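Note sheet for the following structure.
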Amino acid sequence: MAIGRPVAYMLATPIETVAAAPDPALHVIEDKIDGVRAQVHKHGSEVSIFARGLERVTDAYPEIVEAFSMVKGSVALDGEIVAVGVGNRPRPFLALQTRLRKATPSADLLASVPVAYFAYDLLADDEGDHLAETWRERRARLEEWAATRGPRTAFVLNEARAMGDVEGEFEAARARGNEGLVLKKVDAPYEAGRRGQSWIKVKKAFATLDCVITAAQEGSGKRAGVLSDYTFGVWRGEELVNVGKAYSGLTDEEIEEITRRLQRITIEKHGGVRLVRPEIVLEVGFDGIQRSARHKGGFALRFPRIVRIRDDKRPEEADTLEAVQRLFERQLETGHREVETAGERAKARKKQLSLFGDDD
């Protein structure tokens, strides 16, 4: 790779139970910080910041540019841009969201939502490209660089530690306000553009919602010819308003079965997209909720994935926009540290009804 030209990001494979965690002797643990993935490249006097899609977003983060402009030599890092409070303590993603909407932030926004760059990998430096080196070798380079030449402001070296009690580490990471953990294989190279087993992310859904499929789209690659991308909504009164789209979580067999069902209930076709009758309920897990002008209900789920098909539920039993609003408000209060499932909300409603019944 050449410094100044971003490489495709190495991606982590998700698991949602610590029981599936790999061999601790071969891995280290890092907190999964709730920010936006970014590469920072310092080449000569020029600092460039590249987003997850590899587009240049340098002007959006002037405090990071200023910090790296003082760095001697050239370097390319992988990490996260995070909204921070006192002592560079990470703030919830919602705080960062206001920055994401501004290509060039105002002075007031810079003051109210400062950010820092949490670095966790060194991709290249003045000595060359280090992608083929092991994580352990790259980490040693990163630690040495951070200690001797790293920025003094708007910069954090993300901690890496020996892998021990994953359950305890996970709960501690959540208590710190982070999403979960990333387990990294110490002898693995940086596999640009690949999602393999060398990096494993452990996190639990912020919550789940029971949603109704409103539209479906054909997939690509091995999923060409089947309906594998599902737009879903929740109830606002008697209408469904979309809150997201998911394409992961179902097995190939489930996708084939749901394709046949969706074909039978198609109302309209627009190219590869089908609008369908609201008959199929999905339980959808997600990492948070954000406001969205693009969605009719005003909210969108972050990183939604399908937990299961809820054939035991009628469409009218799906969740409401009011439930989304309540979760959004609680998210502001707790910083993502609580988990509530659609099933737990249903149990709470039943308990409330039984209490009312006792009063009679």
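Under the classification rounded if a/c is under 1.5, otherwise prolate if a/b is larger than b/c and oblate if not, where does the stretch 202-289 fall, given a ≥ b ≥ c as square roots of the Cα gyration tensor eigenvalues?
oblate
How big is the charge dipole of the chain about its Cα centre, in debye rounded to the nearest 20, if each Lys and Arg gets +1 on its Cβ and each Asp and Glu gets -1 on its Cβ?
I would put it at about 700 debye.
State the label only: which of [x] 5, 21, 28, 25, 14, 5, 1, 0; [y] 5, 24, 29, 20, 11, 7, 3, 0, 0; [z] 5, 24, 32, 24, 12, 3, 0 corresponds to P(r) over Cα pairs in 10 Å bins from 0, in percent computed from the shown model?
Computing P(r) over Cα pairs in 10 Å bins from 0, in percent and matching it to [x] 5, 21, 28, 25, 14, 5, 1, 0; [y] 5, 24, 29, 20, 11, 7, 3, 0, 0; [z] 5, 24, 32, 24, 12, 3, 0 gives [x].
Could you grab the relative contact order for the chain? Cα pairs under 8 Å, six or more apart, rounded to a whole percent.
Relative contact order for the chain comes out at 17 percent.
Expressed as a rounded percentage, what relative contact order does the stretch 199-286 have, with Cα pairs under 8 Å and six or more residues apart?
For the stretch 199-286, the relative contact order is 38 percent.
When a/c is below 1.5 the answer is rounded, else prolate if a/b is larger than b/c, else oblate, so apply that to the stretch 1-145 with a ≥ b ≥ c taken from the square roots of the Cα gyration tensor eigenvalues.
Cα axes put the stretch 1-145 in the oblate bin.
Pairs of alpha-carbon atoms within less than 8 angstrom and 6+ residues apart define the contacts here; what relative contact order does the stretch 87-199 have, in percent?
Relative contact order, the stretch 87-199: 30 percent.
Could you pull out every one of the aspartates and glutamates with an alpha carbon less than 17 Å from that of K296, ignoring same-chain neighbours closer than 8 positions?
E238, E239, D319, E322
Rounded to the nearest 500, what is the 222 nm mean residue ellipticity of the chain from helices alone, with -39500 (n - 2.57) per DSSP H run of 4+ residues and division by all residues?
-7500 deg cm²/dmol
Can you put Y230, Y247 in order, fewest other beta carbons within 10 Å first?
With the sparsest Cβ surroundings first, the list reads Y247, Y230.
Through the Karplus equation 6.51 cos²θ - 1.76 cosθ + 1.60, θ set to phi - 60°, convert the phi angles of the stretch 9-15 into ³J(HN,Hα) values in whole Hz; use x for Gly and Pro.
Whole-Hz 3J(HN,Hα) from phi for the stretch 9-15: 6, 6, 10, 9, 8, x, 9.
Can you list the aspartates and glutamates whose alpha carbon is less than 15 Å from that of K269, not counting same-chain residues fewer than 8 positions off?
Counting by Cα, and skipping residues close in sequence, K269 has these aspartates and glutamates nearby: E218, D229.
For the stretch 179-212 and the stretch 1-80, compute the distance between their C-alpha centroids and round to whole Å.
15 Å
Report, ordered by chain and residue number, the lysines lying within cross-link reach of K72, taken as a straight Cα distance under 26 Å and ignoring same-chain residues fewer than 8 apart.
K42
If the limit is 30 Å between Cα atoms, which of K204/K313; K185/K245; K201/K245 go over it?
As for pairs spanning more than 30 Å Cα to Cα, those are K185/K245.
Of A318, A107, A38, which has the largest mean-square fluctuation in a 10 Å C-alpha GNM of the chain?
In this elastic network of the chain, the residue with the biggest mean-square fluctuation among A318, A107, A38 is A107.
Coordinate-derived values only; no laboratory data. These figures come from a predicted structure and were not determined experimentally. Note: ideal-geometry Cβ built from the backbone for every residue, glycine included; neighbour counts use all protein chains shown.
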